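Encoded as structure tokens, the structure appears first; notes follow it.
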Amino acid sequence: MKFGVSQAVTRKEDDAFIRGNGRYVADLVPPDACRAVLLRSPHAHARVNRIDAAAARAMPGVRLVLTAADTTDLGPLPCFGIPPGVTVEARESPILAGDIVRHVGDAVAFIVADTLDQARDAAEAIEVDWESLPHIVDAVAALEPGAPRVWTDRADNLAFEQMLGDEASTAAAFAQAAQTVALTLVNQRLVTNYLDTRAVLAEYDAASESITLTLGSQGSHTLKKVLAKAILHMPADRLHVVTPDVGGGFGTKIFPYREYALCAVAARQLGRPVAWVADRMEHFVADTQGRDNVTTAKLALDDKGRFLALSVDTVCDMGAYLSFFAPYIPYVGAGMLPGVYDIPTCCIRIRAAYTNTVPVDAYRGAGRPEAAYVIERLVDAAARDLAIAPDMLRKRNFIKPQAMPYRTATGKVYDSGEFAGHMTRAQEIADWKGFNRRLALSKKTGKLRGIGLATYIEACGAVGPETAKLTLDKNGVVTVLIGSQSTGQGHHTAYAQLIAEQLDVAPEQVRVVQGDTRLIASGAGTGGSSSIPCGGVATAGATKRLADNLKDIAADALEASVADIEFAGGQVRIAGTDRALSLAELAQSPKADPTRLTAEDTFAPKAATYPNGTHLAEVEIDADTGHVDIVNYVVVDDFGMTLNPLLLEGQVEGGAVQGIGQALMERTVYDTDSGQLITASLLDYALPRADDTPGFVFETRNVRCATNPLGVKGAGEAGTIGACPAVINAVVDALWRAYRIRHVDMPATPERLWAAIEEGKRLHTM
């Protein structure tokens, strides 16, 4: 089958993109649209004693100025991600801050004018009497007694605390352990950076009293439901959400934001289209950020190097408000802390802190990269402390294939996996055994060299249910209506391949429609690597039903038995003959009941899928500058089933680059004295570029999963999850070999590594 499952079909959506024919929100703003801006707080924490917008309202072109007093009928940005077993007093972000602002970028006014320049001028004319208040921007410090309180009506900054696992059995295992290993790790805060900044166009139809919001999202149905019910307090059937092309999301575009609701209100009041488009600096202070954990992890081992127990204590920064999923993310991560290892018992403590910073929420992997980093760094440290080769310690403690299904100490049930197999294959590709020879060559040039690996597992594919509806149009095109949302993954191609597998049509004969709540009845959106494990399964199921319908119609039209009908080259034919009808002819046949030209299927996953794999990195470090060069990078993954090798490799490599960015360069920095975001632009926030990207070697070693009919495990976030620990393990390996440096925090910047190397040199000469 030329275009079916497992074929390396090129992306059908790329032609439009490379020709500049993509249509993003900013491309769809009509010339007569009003433009909106927000007045944002320059303070990390301040009281708003007075706000005077009279001068702004009187300026030329200004149509509307809203402050908190004008938005009392709007609900706050809700927090729904409360983990089970925890009582959380959700402190949610108001649409516009009234008496108190709690982070730089908190919004106090919304201005709409005929032009963007007029709106910006009006924002500058608003007079605000700010009274600066004490602030705190560090989560660990925020939990110390006497720390400035983000919410002054609370006794402290502890948003919530959660205990998971078995504290008593974990303590007993540590008491009996022959060896214990401890490590404190930082998963630094990151800013999600996508090419397409957030934007929204709001339009009001007076006749139907309905609002249409065109915005970049990862799920139009989720936003419609939340905006209508929780924020705008309007009938859901009068809110229409459309998502056009989206240039990246990575979790951050799942959530509702204040700008969407404010533009809706403005469009309804003015009776004109209203558009807001974030500039890049605004993106840094207005979009949710990711990660930001400090973790102390301890591992107990017996005298044979077998793992007995795991103890983890994590402080998680929530920012100033609890965002949409934020409290749930450390809980999700905690569930994956045992990784791929047979660890009988564990105890996990989570403390979430408020700080005067931008709220955090899901960012590519949402808790699972943090978990993989913790366990994989800890295992490497244990191997080093016990003088056991890191691969051998892993093999000694891997969950065995014959133990599947395996229930972890955190309650996750792995249905499949051969963890030693993909690690061994990665080592073969990377020539693990030949490392010492390459190390000797690096020494001759004055370079440090290290090699490291990470054997990760993640939970995904549980977002749903998702419904796919297929229709054979009169022109022979199969139209797919589905509630998932492509943000660059290649859904149009992937779904076309699933349809081609059963109907044997070319990708050009498949039209995928997403992101329109008027056309599509429901949808779970895209997150948690669920598009294929959930949306793909629904598409395959709907295709099977449509195929059965079309065979019935064809059998009647061709006067043959249904059993003799087959699909071939965009036709239905009697097998072994030249009697055939094109799909267009079939759709136009008098025998074709229109109700039989459509079919749908819904898939609701009953359990998560568990992609897993090995990332192996080899690095050289310039001891004089601290610069890291990734000289070899190998990935061997188990994704259950490969739908399209090209799409899959692109997802893995893109994710790995994001992980490399966190490992080596990305860091969000708030000034402790002022509370200002220091890294508030791409001039100050270091992102990986093409010349920072290694040449990847990628393979799959798939073991089909048992939790969905396709056997597919999901791949969208896996690259990020494996990259951070693999790269840092390689960096630390180089530092340990040369100077016995046991750990270095992310990001391993040249400055940080140079300082560590200089300290290592000093200690070695004493």
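Only the coordinates and a few stated rules stand behind these numbers; no lab work does. In this text, all values refer to a predicted model and were calculated from it rather than measured experimentally. Positions of Cβ are generated from backbone atoms using ideal geometry, with glycine treated the same way; all protein chains shown enter the neighbour counts.
How far apart, in nanometres, would the label points at D431 and M281 be if each is projected 7 angstrom from Cα along the Cα-to-Cβ direction?
Spacing of the two 7 Å Cα→Cβ label points: 5.0 nm.
By what distance, in whole Å, do the Cα atoms of segment 104-252 stretch along each of the three principal axes, largest value first?
74, 40, 32
Evaluate the Kirkwood expression for the hydrodynamic radius of segment 373-466, namely the inverse of the mean inverse distance over all pairs of different C-alpha atoms, and round to one decimal in Å. Mind dumping the intermediate values first?
Values: mean 1/r = 0.0633 Å⁻¹.
It is 15.8 Å.
Contact order normalised by length for the chain, with contacts defined as Cα pairs under 8 Å and 6 or more residues apart; what percent is it?
Taking the mean separation of contacting Cα pairs over the length of the chain, I get 16 percent.
Take every Cα pair under 8 Å in segment 463-603 that's 6+ residues apart, average their separations, divide by the length, and report that relative contact order as a whole percent.
Working: 279 pairs, mean separation 49.6, N = 141.
Once divided by the residue count of segment 463-603, the mean separation gives 35 percent.
Test of understanding: what is the full-extension gain from T693 to R762, defined as 0.36 nm times their sequence separation minus their Cα-Cα distance?
Using 0.36 nm per residue and subtracting the Cα-Cα distance, I get 21.6 nm.
So which lysines can K444 reach, going by Cα to Cα under 24 Å and dropping same-chain residues fewer than 8 places off?
Candidates past the 8-residue exclusion: K433, K761.
At 7 Å along the Cα-to-beta-carbon direction for both D156 and A607, put a label point, then send me their distance in nm to one decimal.
Placing both labels 7 Å beyond Cα along the Cβ direction yields 3.9 nm.
Arrange the peptides 166-177, 513-524 so that the one whose residues have, on average, the most other Cβ atoms within 10 Å appears first.
Details: 166-177: 15.9, 513-524: 19.2.
Per-residue mean Cβ counts within 10 Å order the peptides as 513-524, 166-177.
If each residue's Cβ is checked for other Cβ atoms within 10 Å, how do R258, R368, R689, R511 rank with the fewest at the top?
Numbers: R258 23, R368 27, R689 10, R511 17.
Fewest-to-most Cβ neighbours within 10 Å comes out as R689, R511, R258, R368.
Fully extended, how many nm does the chain gain between E144 and L386 (0.36 nm per residue separation, minus their Cα-Cα distance)?
Working: separation 242, 0.36 × 242 = 87.12 nm, distance 3.46 nm.
Using 0.36 nm per residue and subtracting the Cα-Cα distance, I get 83.7 nm.
Among T87, T67, which comes first, then next, by fewest other beta-carbon atoms within 10 Å? It would help to have the intermediate numbers written out before the result.
On the way: T87 6, T67 20.
Neighbour counts put them in this order, fewest first: T87, T67.
Write down the percent of antiparallel bridges among all DSSP beta bridges whose residues are both part of the chain, to the nearest 5.
Numbers: 102 of 128 bridges.
That works out to approximately 80 percent antiparallel.
Going down the list K229/K412; K225/K469; K2/K412, which pairs span over 30 Å between their C-alpha atoms? Present the calculation step by step, with values, prior to reporting the outcome.
Working: K229/K412 33 Å; K225/K469 21 Å; K2/K412 38 Å.
Over 30 Å apart, Cα to Cα: K229/K412; K2/K412.
Given the peptides 153-161, 294-302, arrange them by the average over their residues of other C-beta atoms within 10 Å, most packed first. Kindly include the intermediate steps, with their values, before the conclusion.
Values: 153-161: 15.4, 294-302: 21.2.
Result, highest mean Cβ count within 10 Å first: 294-302, 153-161.
Please compute the net charge surrounding D622, taking Lys and Arg as +1 and Asp and Glu as -1 over other residues with Cβ under 12 Å from its Cβ. Show your work: numbers first, answer last.
Working: positive: K447, R449; negative: E620, D624, D629.
For residues surrounding D622, the net value is -1.
With just the Cα atoms defining each centre, how far is segment 113-145 from segment 379-445? Give it in Å.
If you average the Cα positions of each part, the centres end up 48 Å apart.
By counting other Cβ atoms within 10 Å of each Cβ, how are K761, K224 ranked from fewest to most? Walk me through the intermediate numbers first.
Details: K761 12, K224 22.
By the 10 Å Cβ count, ascending, the order reads K761, K224.
Viscosity 0.890 mPa s, temperature 25 °C: Stokes-Einstein D of segment 463-603 from its Kirkwood Cα radius, in µm² per second?
Working: Rh = 15.1 Å.
It diffuses with D of about 162 µm²/s by this estimate.
If you take every DSSP beta bridge whose two residues both sit in segment 278-391, what share of them, in percent to the nearest 5, is antiparallel? Present the calculation step by step, with values, prior to reporting the outcome.
Values: 9 of 20 bridges.
Restricted to segment 278-391, the bridges split so that about 45 percent are antiparallel.
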